[in-house]
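The values are calculated or read from the model by the stated rules, or taken from the named source; none is laboratory data. As the structure is a prediction and not an experimental result, all values here were calculated from the model. Here the Cβ positions follow ideal geometry from the backbone for every residue, glycine too, while neighbour counts run over all protein chains shown. These area figures cover heavy atoms from the full protein model, side chains too; ligands, DNA and RNA do not enter into them. Shrake-Rupley method; radii C 1.70, N 1.55, O 1.52, S 1.80 Å.
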Amino acid sequence: MTEVLGTQPAPDLWLVIATALAALAATAPRAIWRLSRNAVTIAHEGGHGLIALVTGRRLQGIRLHSDTSGLTVSRGRPTGIGMILTAAAGYTAPPLLGLGGAWLLADHRITLLLWLATALLLVMLVMIRNAYGALTVVLTGGTFLLVSWLTGPDVQSAFAYSVVWFLLLGGVRPVFELQAKRRHGGAPDSDADQLARLTHAHPAMWLFLFHAVSICSLIGGGRWLLGL
């Protein structure tokens with residue numbers, strides 16, 4: 001427990017930059033993004049599920065699909081602040097998780113970050129309701145667990161920084177993808193459209209919010225990671 005709650009040595013700047021480039025390589029090319037986007041979907045649907053529970057809704061289950069889409073089902077009032085926050089949590093969850101991770105890494109809490117991520121994935125696994133989703137979460141959580149148990153500080157540090165950079169960078173692209181789909185008449189039931197129906201505010205306002213959260217998180221988290 002002391003090791004988990006304690007601090008670890010900060011990595012060299014070259015490693016921080018190298019992990020940022022690795023995360024960029026996992027999010028920029030379309031062919032790689034089709035696979036790596038599954039991790040962003042886990043954070044997206046996990047955000048919906050977590051806020052549903054926090055706001056008093058009954059979480060029925062989470063599904064993750066091979067096309068990197070997902071679905072979180074909760075029961076409760078179909079309107080109101082709980083439903084609004086739950087709907088808004090999806091696109092904001094990956095960048096905010098990345099920002100929180102950057103804060104932990106800036107405080108040199110590498111081991112704590114890895115164990116917290118493993119615990120969140122374990123809790124999420126309980127709510128998964130399809131085989132592909134269970135496999136995806138098990139593989140992701142197993143990776144975190146193996147890195148936490150079997151590797152040394154250097155590998156743990158490189159892995160943790162790569163994950164946080166990926167969440168920060170990977171949290172930006174889905175909002176632009178959603179905006180492009182809506183421009184061509186797609187995604188009529190997107191989170192932004194659901195929020196528009198709940199709040200009577202234009203979907204563009206919610207897209208702006210998603211953009212603001214993701215870009216500000218990238219800037220702030222990046223500054224923490226780079227020690228600026």
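Residue count for the stretch 94-128 under the criterion of being touching a residue at least 60 places away in the same chain (Cβ under 8 Å) and within 23 Å of R173 (Cβ to Cβ): the result is 13. The number of residues in the stretch 34-63 being hydrophobic (A, V, I, L, M, F, W, C) and either over 19 Å from L97 (Cα atoms) or open to solvent by 30 Å² or more (accessible area, probe 1.4 Å) (or both) comes to 7. Say whether the condition of being among the aromatic types (F, W, Y), crowded, with 19+ Cβ neighbours inside 10 Å and not in a loop (DSSP other than H, G, I, E, B) is met by at least one residue in the stretch 163-175. Yes: the stretch 163-175 contains one or more residues that are among the aromatic types (F, W, Y), crowded, with 19+ Cβ neighbours inside 10 Å and not in a loop (DSSP other than H, G, I, E, B). Residues of the stretch 82-100 that are farther than 16 Å from H211 by Cβ and either β-branched (V, I, T) or not in a helix (DSSP H, G or I) (or both): I84, T86.
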